[in-house]
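Read through the structure below, which is laid out as C-alpha coordinates, and then see the notes.
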Amino acid sequence: MVMRSIFQRRMAVLFILVLWGSILPNHIWAEDACGKLADKIGHGGVLWTENAIMVQGTSAPNLNDPYKAVSAIKRESQRAATLDALRKAAGILAGVSVEGDRISADNPQVIAQIRAYVQQPEICKAKYYEDGGVDIVVMVPLIGRLTNALLPSAGLSVAAAQSDYTGLVIDASELPFIPAIAPRLMGPDGEVLFSHENVKKEIVARAGVVKYVNSPKDVGGDFVGSRPLRVKAARLGSLSPSDLVIGQSASEIILQAPFFLGEGRVAIIIAPVRRIQCSNMTGQIQISKVDWEKRIAYARGFGKASFTGKEDNAVRLRMLERAAEVDAQRRLLDVILNIRIDGDRTLKDDSDASRQIEGIIRNAVFCGAKYYRDGTATAVVAAPIDGLIAKGSAMGRGGVAAKAIPDSHHTGLIIDASGLNFKPFLAPSLVAPDNTEIYGPGMVSKGYARQFGVAGYRSSMDEALKDERVGKSPVIVRAEEVSDNPAQLRLALKDVDKLGQLKNMTGQLNQARVIIVINKIAEK
(Lines give C-alpha, C1' and ligand atoms only; values in the text may rest on other atoms or scores of the structure.)
Protein backbone atom coordinates (compact mmCIF):
# COMPACT_ATOMS: atom_id res chain seq x y z
CA MET A 1 0.00 0.00 0.00
CA VAL A 2 2.83 2.39 0.88
CA MET A 3 4.66 1.57 -2.34
CA ARG A 4 1.50 2.14 -4.36
CA SER A 5 0.99 5.50 -2.65
CA ILE A 6 4.57 6.53 -3.43
CA PHE A 7 4.19 5.44 -7.03
CA GLN A 8 0.90 7.29 -7.43
CA ARG A 9 2.39 10.45 -5.93
CA ARG A 10 5.37 10.26 -8.28
CA MET A 11 3.10 9.79 -11.29
CA ALA A 12 1.05 12.79 -10.16
CA VAL A 13 4.22 14.88 -9.95
CA LEU A 14 5.26 13.82 -13.43
CA PHE A 15 1.78 14.54 -14.82
CA ILE A 16 1.75 18.04 -13.34
CA LEU A 17 5.25 18.75 -14.65
CA VAL A 18 4.27 17.66 -18.15
CA LEU A 19 1.08 19.72 -18.00
CA TRP A 20 2.95 22.74 -16.62
CA GLY A 21 5.67 22.38 -19.27
CA SER A 22 3.23 22.07 -22.16
CA ILE A 23 1.05 25.03 -21.17
CA LEU A 24 2.95 27.57 -19.11
CA PRO A 25 5.98 28.17 -21.36
CA ASN A 26 3.70 28.90 -24.32
CA HIS A 27 1.84 31.57 -22.39
CA ILE A 28 5.02 33.19 -21.07
CA TRP A 29 7.40 33.04 -24.02
CA ALA A 30 5.60 32.21 -27.26
CA GLU A 31 4.75 35.82 -28.18
CA ASP A 32 8.09 37.18 -27.06
CA ALA A 33 10.69 37.94 -29.76
CA CYS A 34 13.27 36.14 -27.66
CA GLY A 35 11.13 33.00 -27.75
CA LYS A 36 10.86 33.08 -31.54
CA LEU A 37 14.61 33.47 -31.87
CA ALA A 38 15.14 30.46 -29.63
CA ASP A 39 13.85 28.20 -32.40
CA LYS A 40 16.79 29.28 -34.62
CA ILE A 41 19.57 27.94 -32.44
CA GLY A 42 20.93 24.44 -31.96
CA HIS A 43 22.87 24.09 -28.75
CA GLY A 44 23.94 27.71 -28.77
CA GLY A 45 25.80 30.52 -30.44
CA VAL A 46 26.06 34.25 -31.03
CA LEU A 47 23.11 35.98 -32.68
CA TRP A 48 24.82 39.11 -33.93
CA THR A 49 21.62 40.62 -35.25
CA GLU A 50 20.40 40.63 -31.63
CA ASN A 51 23.79 41.58 -30.14
CA ALA A 52 23.46 38.62 -27.80
CA ILE A 53 24.43 35.03 -27.06
CA MET A 54 21.64 32.48 -27.10
CA VAL A 55 22.26 29.08 -25.61
CA GLN A 56 20.34 26.04 -24.40
CA GLY A 57 20.81 24.57 -20.94
CA THR A 58 19.60 21.11 -19.92
CA SER A 59 18.87 19.44 -16.60
CA ALA A 60 17.30 16.24 -15.35
CA PRO A 61 16.57 16.46 -11.61
CA ASN A 62 16.29 13.33 -9.53
CA LEU A 63 12.70 12.43 -8.64
CA ASN A 64 13.62 9.78 -6.09
CA ASP A 65 12.01 11.79 -3.27
CA PRO A 66 8.26 11.18 -3.75
CA TYR A 67 7.37 13.76 -1.09
CA LYS A 68 9.15 16.70 -2.67
CA ALA A 69 6.76 19.46 -3.66
CA VAL A 70 6.10 20.07 -7.35
CA SER A 71 7.16 23.69 -6.94
CA ALA A 72 10.52 22.57 -5.51
CA ILE A 73 11.08 20.13 -8.38
CA LYS A 74 10.25 22.88 -10.85
CA ARG A 75 12.65 25.33 -9.23
CA GLU A 76 15.45 22.75 -9.14
CA SER A 77 14.90 21.95 -12.83
CA GLN A 78 14.98 25.59 -13.86
CA ARG A 79 17.98 26.41 -11.69
CA ALA A 80 20.06 23.47 -12.94
CA ALA A 81 19.20 24.11 -16.60
CA THR A 82 19.89 27.83 -16.26
CA LEU A 83 23.27 27.19 -14.65
CA ASP A 84 24.13 24.79 -17.47
CA ALA A 85 23.17 27.49 -19.99
CA LEU A 86 25.30 30.06 -18.17
CA ARG A 87 28.35 27.79 -18.26
CA LYS A 88 27.87 27.33 -22.01
CA ALA A 89 27.34 31.06 -22.55
CA ALA A 90 30.56 31.80 -20.67
CA GLY A 91 32.43 29.40 -22.96
CA ILE A 92 31.00 31.06 -26.06
CA LEU A 93 31.68 34.53 -24.71
CA ALA A 94 35.36 33.73 -24.17
CA GLY A 95 35.79 33.20 -27.92
CA VAL A 96 33.79 36.19 -29.16
CA SER A 97 35.69 38.58 -31.45
CA VAL A 98 36.11 41.99 -29.83
CA GLU A 99 38.17 44.14 -32.20
CA GLY A 100 40.83 43.37 -34.78
CA ASP A 101 42.49 40.13 -33.76
CA ARG A 102 41.33 40.38 -30.12
CA ILE A 103 38.84 37.99 -28.53
CA SER A 104 37.27 38.22 -25.08
CA ALA A 105 39.62 35.57 -23.69
CA ASP A 106 42.60 37.84 -24.34
CA ASN A 107 41.50 40.09 -21.47
CA PRO A 108 42.45 38.43 -18.13
CA GLN A 109 40.10 40.70 -16.19
CA VAL A 110 37.16 39.70 -18.35
CA ILE A 111 38.01 36.02 -18.02
CA ALA A 112 38.12 36.38 -14.23
CA GLN A 113 34.65 37.95 -14.21
CA ILE A 114 33.09 36.29 -17.22
CA ARG A 115 30.61 34.30 -15.15
CA ALA A 116 29.39 37.53 -13.56
CA TYR A 117 28.64 39.04 -16.96
CA VAL A 118 26.22 36.24 -17.82
CA GLN A 119 24.38 36.04 -14.50
CA GLN A 120 21.25 37.93 -15.60
CA PRO A 121 20.01 36.08 -18.68
CA GLU A 122 16.58 36.40 -20.23
CA ILE A 123 14.77 33.07 -20.35
CA CYS A 124 13.40 32.74 -23.88
CA LYS A 125 11.91 29.29 -23.98
CA ALA A 126 11.53 26.20 -21.85
CA LYS A 127 10.55 22.62 -22.58
CA TYR A 128 9.69 20.21 -19.79
CA TYR A 129 9.86 16.43 -19.93
CA GLU A 130 8.08 13.61 -18.17
CA ASP A 131 11.17 12.70 -16.16
CA GLY A 132 11.27 16.17 -14.63
CA GLY A 133 14.03 17.35 -16.94
CA VAL A 134 13.97 20.69 -18.67
CA ASP A 135 15.64 22.43 -21.61
CA ILE A 136 15.88 26.21 -21.24
CA VAL A 137 17.06 28.65 -23.90
CA VAL A 138 18.48 31.88 -22.50
CA MET A 139 19.70 35.12 -24.03
CA VAL A 140 22.79 36.91 -22.68
CA PRO A 141 23.41 40.44 -24.05
CA LEU A 142 26.77 41.50 -25.49
CA ILE A 143 26.36 45.03 -24.15
CA GLY A 144 26.34 46.81 -20.80
CA ARG A 145 28.96 45.78 -18.24
CA LEU A 146 30.62 43.53 -20.78
CA THR A 147 31.27 46.25 -23.35
CA ASN A 148 32.45 48.60 -20.60
CA ALA A 149 35.06 46.02 -19.61
CA LEU A 150 36.10 44.99 -23.12
CA LEU A 151 36.11 48.49 -24.62
CA PRO A 152 37.52 50.85 -21.96
CA SER A 153 38.52 53.38 -24.64
CA ALA A 154 34.99 53.73 -26.03
CA GLY A 155 34.05 57.37 -26.51
CA LEU A 156 37.59 58.75 -26.31
CA SER A 157 37.30 60.48 -29.68
CA VAL A 158 33.59 60.93 -30.39
CA ALA A 159 32.74 61.82 -33.99
CA ALA A 160 30.56 64.97 -34.01
CA ALA A 161 31.12 66.88 -37.30
CA GLN A 162 28.19 68.12 -39.32
CA SER A 163 27.21 66.04 -42.34
CA ASP A 164 24.62 65.84 -45.09
CA TYR A 165 24.22 62.16 -44.23
CA THR A 166 22.23 60.82 -41.27
CA GLY A 167 23.68 57.34 -40.95
CA LEU A 168 25.88 54.68 -42.54
CA VAL A 169 24.89 51.33 -44.09
CA ILE A 170 27.71 48.99 -45.16
CA ASP A 171 26.99 45.90 -47.26
CA ALA A 172 29.44 43.12 -46.27
CA SER A 173 27.10 40.24 -47.14
CA GLU A 174 29.31 38.93 -49.98
CA LEU A 175 32.49 38.83 -47.88
CA PRO A 176 33.58 36.21 -45.33
CA PHE A 177 33.26 38.93 -42.72
CA ILE A 178 33.36 37.84 -39.07
CA PRO A 179 31.18 40.03 -36.84
CA ALA A 180 32.82 41.51 -33.75
CA ILE A 181 31.69 43.53 -30.77
CA ALA A 182 33.67 46.48 -32.15
CA PRO A 183 34.33 46.12 -35.91
CA ARG A 184 36.58 48.68 -37.58
CA LEU A 185 36.30 50.50 -40.90
CA MET A 186 39.47 51.13 -42.88
CA GLY A 187 40.43 53.12 -45.94
CA PRO A 188 42.18 51.64 -49.00
CA ASP A 189 45.57 52.51 -47.47
CA GLY A 190 44.82 50.63 -44.24
CA GLU A 191 44.11 53.72 -42.14
CA VAL A 192 41.50 53.14 -39.41
CA LEU A 193 38.54 55.40 -40.17
CA PHE A 194 36.07 54.24 -37.53
CA SER A 195 36.23 52.28 -34.28
CA HIS A 196 34.48 52.14 -30.91
CA GLU A 197 36.50 55.16 -29.80
CA ASN A 198 34.39 57.31 -32.13
CA VAL A 199 31.06 56.27 -30.53
CA LYS A 200 29.64 57.79 -27.36
CA LYS A 201 30.39 55.54 -24.39
CA GLU A 202 26.78 55.48 -23.18
CA ILE A 203 25.57 54.38 -26.61
CA VAL A 204 28.16 51.59 -26.78
CA ALA A 205 26.99 50.32 -23.38
CA ARG A 206 23.29 50.58 -24.26
CA ALA A 207 23.16 49.43 -27.88
CA GLY A 208 26.63 48.37 -29.01
CA VAL A 209 29.07 49.87 -31.49
CA VAL A 210 27.14 48.90 -34.65
CA LYS A 211 23.91 47.20 -35.63
CA TYR A 212 24.09 43.95 -37.62
CA VAL A 213 21.34 43.00 -40.05
CA ASN A 214 20.86 40.25 -42.64
CA SER A 215 19.03 42.33 -45.23
CA PRO A 216 18.83 45.97 -46.37
CA LYS A 217 15.13 45.81 -45.50
CA ASP A 218 16.08 45.32 -41.85
CA VAL A 219 17.69 48.78 -41.69
CA GLY A 220 14.95 51.16 -40.66
CA GLY A 221 14.96 54.89 -41.20
CA ASP A 222 14.48 55.34 -37.47
CA PHE A 223 18.00 53.98 -37.03
CA VAL A 224 20.05 55.50 -39.88
CA GLY A 225 17.78 58.43 -40.66
CA SER A 226 16.34 59.55 -43.98
CA ARG A 227 19.66 60.16 -45.81
CA PRO A 228 22.06 57.34 -44.97
CA LEU A 229 25.35 56.85 -46.76
CA ARG A 230 25.23 53.41 -48.40
CA VAL A 231 28.55 51.69 -49.06
CA LYS A 232 29.61 48.29 -50.35
CA ALA A 233 32.64 46.94 -48.49
CA ALA A 234 35.55 46.41 -50.89
CA ARG A 235 37.36 43.69 -48.95
CA LEU A 236 38.43 42.56 -45.50
CA GLY A 237 41.29 44.11 -43.57
CA SER A 238 44.56 42.20 -43.70
CA LEU A 239 44.91 41.72 -39.95
CA SER A 240 41.40 40.57 -39.14
CA PRO A 241 38.25 39.36 -40.89
CA SER A 242 36.38 41.70 -38.51
CA ASP A 243 37.84 44.76 -40.28
CA LEU A 244 36.16 46.17 -43.40
CA VAL A 245 37.93 48.18 -46.09
CA ILE A 246 35.77 50.73 -47.95
CA GLY A 247 36.39 52.71 -51.12
CA GLN A 248 38.14 56.05 -51.42
CA SER A 249 35.09 58.31 -51.87
CA ALA A 250 33.30 56.87 -48.83
CA SER A 251 36.57 56.96 -46.87
CA GLU A 252 36.85 60.69 -47.39
CA ILE A 253 33.40 61.21 -45.90
CA ILE A 254 34.03 58.93 -42.90
CA LEU A 255 37.42 60.56 -42.29
CA GLN A 256 35.60 63.82 -41.52
CA ALA A 257 34.18 62.13 -38.37
CA PRO A 258 30.49 62.86 -39.06
CA PHE A 259 28.12 63.02 -36.10
CA PHE A 260 26.18 59.85 -37.05
CA LEU A 261 29.25 57.78 -36.19
CA GLY A 262 29.27 59.22 -32.68
CA GLU A 263 25.58 58.36 -32.33
CA GLY A 264 26.28 54.75 -33.33
CA ARG A 265 24.10 54.96 -36.41
CA VAL A 266 26.12 52.38 -38.33
CA ALA A 267 24.49 49.26 -39.76
CA ILE A 268 26.44 46.38 -41.34
CA ILE A 269 24.65 43.89 -43.61
CA ILE A 270 26.08 40.42 -43.02
CA ALA A 271 25.37 36.98 -44.42
CA PRO A 272 23.45 34.64 -42.08
CA VAL A 273 25.77 32.71 -39.77
CA ARG A 274 26.45 29.21 -41.00
CA ARG A 275 25.97 26.60 -38.32
CA ILE A 276 27.03 22.97 -38.30
CA GLN A 277 24.39 20.75 -39.92
CA CYS A 278 25.17 17.15 -39.06
CA SER A 279 21.94 15.17 -38.66
CA ASN A 280 23.01 13.10 -41.68
CA MET A 281 26.19 12.02 -39.85
CA THR A 282 24.44 9.95 -37.17
CA GLY A 283 24.79 6.73 -39.15
CA GLN A 284 28.19 7.52 -40.68
CA ILE A 285 30.44 7.93 -37.64
CA GLN A 286 31.70 4.67 -36.17
CA ILE A 287 33.84 6.01 -33.33
CA SER A 288 35.31 9.38 -34.30
CA LYS A 289 36.42 11.37 -37.30
CA VAL A 290 38.12 14.64 -38.20
CA ASP A 291 36.77 16.02 -41.46
CA TRP A 292 39.60 18.28 -42.59
CA GLU A 293 37.66 19.58 -45.58
CA LYS A 294 34.76 20.85 -43.45
CA ARG A 295 37.10 21.40 -40.47
CA ILE A 296 34.78 19.58 -38.09
CA ALA A 297 35.50 16.86 -35.51
CA TYR A 298 32.88 14.17 -34.83
CA ALA A 299 32.56 11.52 -32.12
CA ARG A 300 30.05 8.80 -31.29
CA GLY A 301 29.19 7.95 -27.70
CA PHE A 302 27.49 4.91 -26.20
CA GLY A 303 24.97 5.03 -23.39
CA LYS A 304 23.22 2.66 -21.08
CA ALA A 305 20.98 3.67 -18.19
CA SER A 306 19.67 1.86 -15.11
CA PHE A 307 15.90 1.83 -14.96
CA THR A 308 13.55 1.17 -12.03
CA GLY A 309 11.00 -0.42 -14.32
CA LYS A 310 8.46 2.35 -13.78
CA GLU A 311 9.65 4.79 -16.43
CA ASP A 312 7.68 5.13 -19.64
CA ASN A 313 9.36 5.00 -23.05
CA ALA A 314 9.83 8.77 -23.36
CA VAL A 315 11.76 8.91 -20.07
CA ARG A 316 13.86 5.88 -20.99
CA LEU A 317 14.86 7.35 -24.34
CA ARG A 318 15.82 10.65 -22.76
CA MET A 319 17.99 8.95 -20.13
CA LEU A 320 19.69 6.82 -22.76
CA GLU A 321 20.27 9.82 -25.03
CA ARG A 322 21.81 11.83 -22.21
CA ALA A 323 24.19 9.01 -21.24
CA ALA A 324 25.26 8.55 -24.86
CA GLU A 325 25.79 12.29 -25.39
CA VAL A 326 28.01 12.59 -22.31
CA ASP A 327 30.13 9.70 -23.55
CA ALA A 328 30.29 11.27 -27.03
CA GLN A 329 31.56 14.55 -25.55
CA ARG A 330 34.24 12.62 -23.66
CA ARG A 331 35.36 10.95 -26.87
CA LEU A 332 35.24 14.25 -28.75
CA LEU A 333 37.55 15.79 -26.16
CA ASP A 334 40.04 12.99 -26.71
CA VAL A 335 39.81 13.37 -30.50
CA ILE A 336 40.43 17.12 -30.43
CA LEU A 337 43.25 16.94 -27.91
CA ASN A 338 45.06 14.50 -30.19
CA ILE A 339 44.79 16.62 -33.34
CA ARG A 340 48.29 17.35 -34.61
CA ILE A 341 49.46 20.96 -34.61
CA ASP A 342 52.74 20.19 -36.38
CA GLY A 343 55.32 17.44 -36.48
CA ASP A 344 56.14 17.72 -32.78
CA ARG A 345 52.96 18.75 -30.97
CA THR A 346 49.31 17.88 -30.55
CA LEU A 347 46.70 20.18 -29.05
CA LYS A 348 47.11 18.61 -25.62
CA ASP A 349 50.71 19.90 -25.68
CA ASP A 350 49.54 23.51 -26.20
CA SER A 351 48.28 25.00 -22.93
CA ASP A 352 46.66 28.00 -24.65
CA ALA A 353 44.68 25.78 -26.99
CA SER A 354 43.76 23.32 -24.24
CA ARG A 355 42.03 26.06 -22.27
CA GLN A 356 39.78 26.83 -25.25
CA ILE A 357 38.78 23.24 -25.87
CA GLU A 358 36.56 22.98 -22.79
CA GLY A 359 34.21 25.62 -24.19
CA ILE A 360 34.22 23.95 -27.60
CA ILE A 361 33.25 20.58 -26.13
CA ARG A 362 30.59 22.10 -23.91
CA ASN A 363 28.97 23.68 -26.95
CA ALA A 364 29.35 20.72 -29.30
CA VAL A 365 26.42 20.28 -31.68
CA PHE A 366 24.19 17.27 -31.00
CA CYS A 367 23.79 15.54 -34.36
CA GLY A 368 21.38 12.79 -33.37
CA ALA A 369 20.89 9.51 -31.53
CA LYS A 370 19.98 5.90 -32.24
CA TYR A 371 18.30 3.47 -29.82
CA TYR A 372 18.60 -0.31 -29.67
CA ARG A 373 16.47 -3.13 -28.33
CA ASP A 374 19.12 -4.20 -25.84
CA GLY A 375 18.54 -1.00 -23.85
CA THR A 376 21.51 0.98 -25.20
CA ALA A 377 21.82 4.09 -27.34
CA THR A 378 24.44 5.90 -29.39
CA ALA A 379 24.76 9.64 -29.99
CA VAL A 380 26.94 11.71 -32.34
CA VAL A 381 28.27 15.19 -31.54
CA ALA A 382 30.32 17.60 -33.64
CA ALA A 383 32.52 20.67 -33.09
CA PRO A 384 34.64 22.99 -35.28
CA ILE A 385 38.44 22.78 -35.09
CA ASP A 386 39.39 26.18 -36.51
CA GLY A 387 41.33 28.66 -34.43
CA LEU A 388 42.59 26.27 -31.79
CA ILE A 389 46.24 27.31 -32.11
CA ALA A 390 45.72 31.02 -32.66
CA LYS A 391 47.06 31.86 -29.20
CA GLY A 392 50.00 29.52 -29.40
CA SER A 393 53.61 30.59 -29.75
CA ALA A 394 53.67 29.40 -33.36
CA MET A 395 51.36 32.18 -34.48
CA GLY A 396 52.64 35.47 -35.79
CA ARG A 397 50.77 38.75 -36.08
CA GLY A 398 51.11 38.99 -39.82
CA GLY A 399 51.77 42.71 -39.54
CA VAL A 400 50.93 43.67 -43.09
CA ALA A 401 49.12 46.84 -44.10
CA ALA A 402 45.80 46.44 -45.88
CA LYS A 403 47.26 48.03 -49.03
CA ALA A 404 49.44 44.92 -49.47
CA ILE A 405 46.48 42.88 -50.66
CA PRO A 406 45.95 44.37 -54.14
CA ASP A 407 49.68 44.27 -54.95
CA SER A 408 49.14 40.88 -56.59
CA HIS A 409 46.37 39.97 -58.99
CA HIS A 410 46.56 36.44 -57.56
CA THR A 411 43.92 35.76 -54.92
CA GLY A 412 45.33 32.79 -53.04
CA LEU A 413 47.61 29.75 -53.06
CA ILE A 414 46.85 26.11 -53.81
CA ILE A 415 49.51 23.55 -52.87
CA ASP A 416 49.08 20.24 -54.68
CA ALA A 417 50.27 17.51 -52.29
CA SER A 418 48.17 14.70 -53.75
CA GLY A 419 49.96 11.37 -53.92
CA LEU A 420 52.47 12.29 -51.18
CA ASN A 421 50.62 10.64 -48.29
CA PHE A 422 50.69 13.97 -46.51
CA LYS A 423 48.47 13.94 -43.43
CA PRO A 424 46.78 17.20 -42.43
CA PHE A 425 48.02 19.38 -39.56
CA LEU A 426 46.68 22.53 -37.95
CA ALA A 427 49.92 24.39 -38.67
CA PRO A 428 51.37 23.15 -41.98
CA SER A 429 54.14 24.98 -43.82
CA LEU A 430 55.70 25.15 -47.27
CA VAL A 431 59.44 25.53 -47.89
CA ALA A 432 61.52 26.15 -51.00
CA PRO A 433 63.99 23.50 -52.24
CA ASP A 434 66.70 25.25 -50.19
CA ASN A 435 64.49 24.97 -47.04
CA THR A 436 63.63 28.70 -46.98
CA GLU A 437 60.11 29.03 -45.57
CA ILE A 438 57.60 30.26 -48.14
CA TYR A 439 54.48 29.93 -45.99
CA GLY A 440 53.80 28.92 -42.40
CA PRO A 441 51.75 29.74 -39.30
CA GLY A 442 54.08 32.57 -38.31
CA MET A 443 52.95 34.51 -41.39
CA VAL A 444 49.24 34.35 -40.59
CA SER A 445 47.37 37.03 -38.71
CA LYS A 446 45.87 35.77 -35.46
CA GLY A 447 42.54 37.22 -36.48
CA TYR A 448 42.38 35.03 -39.57
CA ALA A 449 43.91 31.97 -37.94
CA ARG A 450 41.25 32.09 -35.22
CA GLN A 451 38.45 32.01 -37.74
CA PHE A 452 39.79 30.01 -40.68
CA GLY A 453 42.86 28.12 -39.49
CA VAL A 454 46.28 28.24 -41.18
CA ALA A 455 45.19 26.35 -44.31
CA GLY A 456 42.21 24.60 -45.79
CA TYR A 457 42.24 21.05 -47.17
CA ARG A 458 40.59 19.59 -50.24
CA SER A 459 40.73 16.11 -51.71
CA SER A 460 40.81 17.19 -55.38
CA MET A 461 42.08 20.09 -57.45
CA ASP A 462 38.58 20.71 -58.84
CA GLU A 463 37.24 21.25 -55.32
CA ALA A 464 40.15 23.50 -54.42
CA LEU A 465 39.61 25.71 -57.46
CA LYS A 466 35.94 26.18 -56.50
CA ASP A 467 36.74 27.14 -52.92
CA GLU A 468 36.11 30.81 -52.11
CA ARG A 469 39.05 30.72 -49.73
CA VAL A 470 41.58 31.07 -52.57
CA GLY A 471 39.46 33.28 -54.82
CA LYS A 472 39.16 33.24 -58.58
CA SER A 473 42.84 33.51 -59.52
CA PRO A 474 45.04 31.40 -57.21
CA VAL A 475 48.68 30.47 -57.76
CA ILE A 476 49.01 26.68 -58.05
CA VAL A 477 52.24 24.96 -57.03
CA ARG A 478 53.26 21.35 -56.69
CA ALA A 479 54.80 19.94 -53.52
CA GLU A 480 57.57 17.54 -54.42
CA GLU A 481 57.90 15.78 -51.09
CA VAL A 482 57.20 15.83 -47.37
CA SER A 483 60.30 17.07 -45.54
CA ASP A 484 61.80 15.57 -42.38
CA ASN A 485 59.17 17.54 -40.49
CA PRO A 486 55.92 15.71 -41.42
CA ALA A 487 53.95 18.98 -41.27
CA GLN A 488 56.22 20.59 -43.86
CA LEU A 489 55.95 20.34 -47.62
CA ARG A 490 58.81 21.10 -50.01
CA LEU A 491 58.14 23.01 -53.23
CA ALA A 492 58.83 21.12 -56.46
CA LEU A 493 61.83 22.36 -58.46
CA LYS A 494 59.68 22.88 -61.54
CA ASP A 495 57.70 25.57 -59.66
CA VAL A 496 60.66 27.54 -58.31
CA ASP A 497 59.96 30.20 -60.93
CA LYS A 498 56.72 30.99 -59.05
CA LEU A 499 58.57 32.18 -55.95
CA GLY A 500 58.38 35.75 -57.21
CA GLN A 501 54.61 35.53 -57.45
CA LEU A 502 54.40 34.17 -53.90
CA LYS A 503 56.54 37.00 -52.54
CA ASN A 504 53.99 39.46 -53.91
CA MET A 505 51.16 37.67 -52.09
CA THR A 506 52.00 38.82 -48.57
CA GLY A 507 48.47 40.07 -47.93
CA GLN A 508 46.80 36.89 -49.19
CA LEU A 509 49.11 34.65 -47.16
CA ASN A 510 48.56 36.87 -44.13
CA GLN A 511 44.86 36.03 -44.48
CA ALA A 512 45.56 32.29 -44.76
CA ARG A 513 44.14 32.12 -48.27
CA VAL A 514 45.82 28.76 -48.75
CA ILE A 515 44.46 25.32 -49.62
CA ILE A 516 46.41 22.05 -49.63
CA VAL A 517 45.16 19.29 -51.92
CA ILE A 518 45.66 15.91 -50.26
CA ASN A 519 44.50 12.35 -50.70
CA LYS A 520 41.09 11.63 -49.17
CA ILE A 521 41.65 11.00 -45.49
CA ALA A 522 39.42 10.20 -42.56
CA GLU A 523 40.79 10.02 -39.04
CA LYS A 524 39.12 7.51 -36.72
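The values are calculated or read from the model by the stated rules, or taken from the named source; none is laboratory data. What you see is a predicted model; the values in this text were computed from it and never measured. We place every Cβ from the backbone using ideal geometry, glycine too, and count neighbours over all the protein chains shown.
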Within segment 50-61, can one find any residue that is part of a loop (DSSP other than H, G, I, E, B), closer than 30 Å to ALA149 by Cβ, modelled with pLDDT of 80 or more and not assigned by TED's automatic domain parsing to the domain that holds PRO183? yes
Going through segment 314-341 one residue at a time, which ones are in contact with a Gly (Cβ under 9 Å, 6 or more places away or on another chain) and touching a residue at least 60 places away in the same chain (Cβ under 8 Å)? VAL315, ARG318, MET319, ARG322, ILE341
Please go through segment 289-317 and pick out each residue that is buried (at least 20 other Cβ atoms within 10 Å of the Cβ) and either touching a helix residue (DSSP H, G or I) at 6+ places or on another chain (Cβ under 7 Å) or at pLDDT below 80 (or both). VAL290, ALA297, TYR298, ALA299, ARG300, GLY301, GLY303, VAL315
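Could you look through segment 496-524, keep only residues that are of a type in the set (D, E, K, R) and modelled with pLDDT of 90 or more, and pick out the one that is nearest to GLY440 (Cα to Cα)? Reasoning before the result, please.
Taking segment 496-524 and keeping what is of a type in the set (D, E, K, R), we get 497-498, 503, 513, 520, 523-524.
Imposing the further condition that a residue be modelled with pLDDT of 90 or more reduces the set to 497-498, 513.
Working: ASP497: 20, LYS498: 17, ARG513: 12 Å.
Taking the candidates together, the pick is ARG513.
In the list GLN119, GLN113, which residue meets the criterion of being in the same structural domain as ARG102 (by TED's automatic domain parsing), part of a loop (DSSP other than H, G, I, E, B) and surrounded by fewer than 18 Cβ atoms within 10 Å (Cβ to Cβ)? I'd like the intermediate steps shown before the answer.
On the way: GLN113 fails: part of a loop (DSSP other than H, G, I, E, B).
Exactly one residue qualifies, and that residue is GLN119.
Tell me, which helices (runs of 4 or more DSSP H) wholly within segment 413-524 include 1 or more residues that are more than 28 Å from the chain's Cα centre (by Cα) and charged (D, E, K, R)?
499-503
If the requirement is being over 29 Å from ALA512 (Cβ atoms) and not assigned by TED's automatic domain parsing to the domain that holds ARG79, which of these qualifies: ASP171, ASP135, ASP164?
Working: ASP171 fails: over 29 Å from ALA512 (Cβ atoms); ASP135 fails: not assigned by TED's automatic domain parsing to the domain that holds ARG79.
When all the criteria are applied, what remains is ASP164.
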Filter pass, LEU420 being outside the structural domain of ASP350 (by TED's automatic domain parsing), more than 19 Å from GLY237 (Cα to Cα) and among the hydrophobic types (A, V, I, L, M, F, W, C): yes
Looking only at segment 390-404, decide whether some residue is modelled with pLDDT of 80 or more, outside any strand (DSSP E or B) and under 21 Å from the mean Cα position of the chain (by Cα). no
Are there strands (runs of 3 or more DSSP E) fully within segment 130-242 with at least 3 residues that are modelled with pLDDT of 90 or more and surrounded by fewer than 21 Cβ atoms within 10 Å (Cβ to Cβ)? List them. 228-232
